[in-house]
Every structure is written in structure tokens, then in C-alpha cells.
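Undergrad: One structure is given below, represented as C-alpha cells, and several questions about it will come after.
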């Protein structure tokens, strides 16, 4: 079974803090994704990566950056957290273009 | 604008009944995928149907796709309390970065 893990289930941070969300997949998938999910807005793509050291902006990249130094790990970085970044963050990975994505359990981030 | 839109937004039925959820989209797709999300958790892939397929089954799930109407439906037969979850359709466009575009989901409640 594909396993996608995220470093924290719940996280509380203060405005202005630098926040790292980590995602690890164990199936040698090339593609990885970061989404945020908000009530009434559904899932929105923040960034994705086709391969190591590659990254592309999704629909809402502002205020975020990412890092993919190793194939299995994709990190989402909030350089200076703001209250409007309070959300559920979901990581996903995919073996092949256009095919199924496998999701992690999510990180619920609260920025105070 | 939202590519996929689910209907209804919420559905509540009795255990044992069938549940039908619909998804409409706007632009031509490569495939359409259905995902399930239990409260506060990550998404789990249910089924993928390609643009040249009309119907697909997986256990108690039946998915149809009508590309002329740009719509899909997910039928869950003989529902169980454990089917209570949110269900999302997601489309992969023919053009573009092959990312998934999610609808806002249908919240399904199965009453025992």
C-alpha cells in the first residue's frame, strides 16, 4: 500500500513564525502536491513537484514556498505565517501523470 | 471558476438505501476521479473513469460518465453507516499541467 505521511496532525503557530510542513511518501512517486482545504472553497492546489528539485506554482502559491531535495520528501514552507493561512493542509503523491493521487492524513494548522 | 461541481451539497439517507451524487464540469477532460474523505482526514481514491469510458464498477460503487453533458454520477448501493463521509469528484484536463481540479464535495450522511 502507498503510504503518505505528514509530520503533524495538528499545529498551532503565531503570526510571523516560519512554519514547515513535511510530507513523505514511500512509493518512489515522482509527482507530489500540496493542497489546502477550506470550508466552502474545497481543495485548492498550492504547489506541485514533478520530480526532485522541480516545483511549479498551483492556483494559490502566494505566501508559500516548497522544497523537494529528495524524491520521497516534499516540504511546504510558510515564510511568515498569517491568520489567513489557518487551514487544513493536504499532501499527495502520484506515480504517473493523470492517474490516482494518494493523500496523507492532513495537517490542521491554526495561526494565532 | 470551479471545474467540478457536486450536487447535492449534502445528502442524508437511511442505511440500506442507495445514494447518488452528481458532478458537472466545464472543459474537456482526460479522466474523472472520485475521492472520499472521512471527517478531518485525508482523501482516499475510490474510482477513476476515463473519457472514453461510460460506466465503471467497484464493489458497491458505480460511476457513470457522460462527456456530452459534461457530467458524472457516483452511486453507492446498499449504503452503510460507515459510508458517511464527504465525496469529491476531481477532473484531469486534457490541456494543462495534469493537475486534479476538485469540486466542493457532497456531504453524505447515512442514518442507522
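Undergrad: Given springs between every Cα pair under 10 Å in a Gaussian network model of chain B, which of B:76, B:94, B:29 has the largest fluctuation?
TA: Residue with maximal mean-square fluctuation among B:76, B:94, B:29: B:94.
Undergrad: How far is it, in nm, from the label point at residue A:12 to the one at residue B:61 when both lie 7 Å from their Cα along the line to the Cβ?
TA: It works out to 3.6 nm between the two label points.
Undergrad: How large, in Å, is chain B by the Kirkwood hydrodynamic radius built from its alpha-carbon pairs?
TA: Result for chain B, one decimal place: 14.0 Å.
Undergrad: So, one more: For the stretch A:22-112, what's the relative contact order in percent, using C-alpha pairs closer than 8 Å and at least 6 residues apart?
TA: 30
Undergrad: Okay, moving on. Let's test the formula: R0 of 45 Å, r as the Cβ-Cβ distance of residue B:109 and residue A:54. What FRET efficiency results, to the nearest 0.05?
TA: E between residue B:109 and residue A:54, to the nearest 0.05, is 0.65.
Undergrad: Continuing with the same structure: Over chain A, with a Gaussian network built from C-alpha contacts below 10 Å, which listed residue (A:35, A:64, A:47) shows the highest mean-square fluctuation?
TA: Looking only at A:35, A:64, A:47, the biggest GNM fluctuation is shown by A:64.
Undergrad: Any chance you could run the full-extension gain for residue A:5 through residue A:38? It's 0.36 nm times the residue separation minus the Cα-Cα distance, nm to one decimal.
TA: Contour length minus Cα-Cα distance gives 9.8 nm.
Undergrad: How far apart, in nanometres, would the label points at residue A:20 and residue B:53 be if each is projected 7 angstrom from Cα along the Cα-to-Cβ direction?
TA: 4.0
Undergrad: So, one more: Could you list B:45, A:29 so that the one with the fewest beta carbons within 10 Å of its beta carbon is first and the one with the most is last?
TA: By the 10 Å Cβ count, ascending, the order reads B:45, A:29.
Undergrad: Now a separate question. Sorted from fewest to most neighbouring beta carbons within 10 Å, what does the list B:12, B:86 look like?
TA: By the 10 Å Cβ count, ascending, the order reads B:12, B:86.
Undergrad: Stretch residue B:81-residue B:94 to full length: gain in nm at 0.36 nm per residue minus the Cα-Cα span?
TA: 1.0 nm
Undergrad: Can you work out D for the protein assembly as shown in µm² s⁻¹ from Stokes-Einstein, where Rh is the Kirkwood radius over C-alpha pairs, the temperature is 25 °C and the viscosity is 0.890 mPa s?
TA: 137
Undergrad: A follow-up question, please. So how much slack lies between residue A:112 and residue A:67, counting 0.36 nm per residue of separation and subtracting their Cα-Cα distance, in nm?
TA: 13.7 nm
Undergrad: Here's another thing I want to ask about it. In square nanometres, what is one fourth of the surface area of the convex hull spanned by the alpha carbons of chain A?
TA: Here the figure is 6.5 nm², rounded to one decimal.
Undergrad: Let me ask another. Under a 10 Å cutoff between Cα atoms, tell me which one of A:58, A:40, A:16 has the largest fluctuation in the Gaussian network model of chain A.
TA: Most flexible of the set in this elastic network: A:40.
Undergrad: Sticking with this one: Just want the ordering: B:21, A:27, from fewest to most Cβ atoms lying within 10 Å of their own Cβ.
TA: Listed from fewest to most nearby Cβ atoms, that is A:27, B:21.
Readers should treat all values here as calculations from the given coordinates under stated rules, not as data from a laboratory. Owing to the predicted nature of the structure, the values given are computational and were not obtained by experimental measurement. Backbone-built Cβ (ideal geometry, glycine too); neighbour counts: all protein chains shown.
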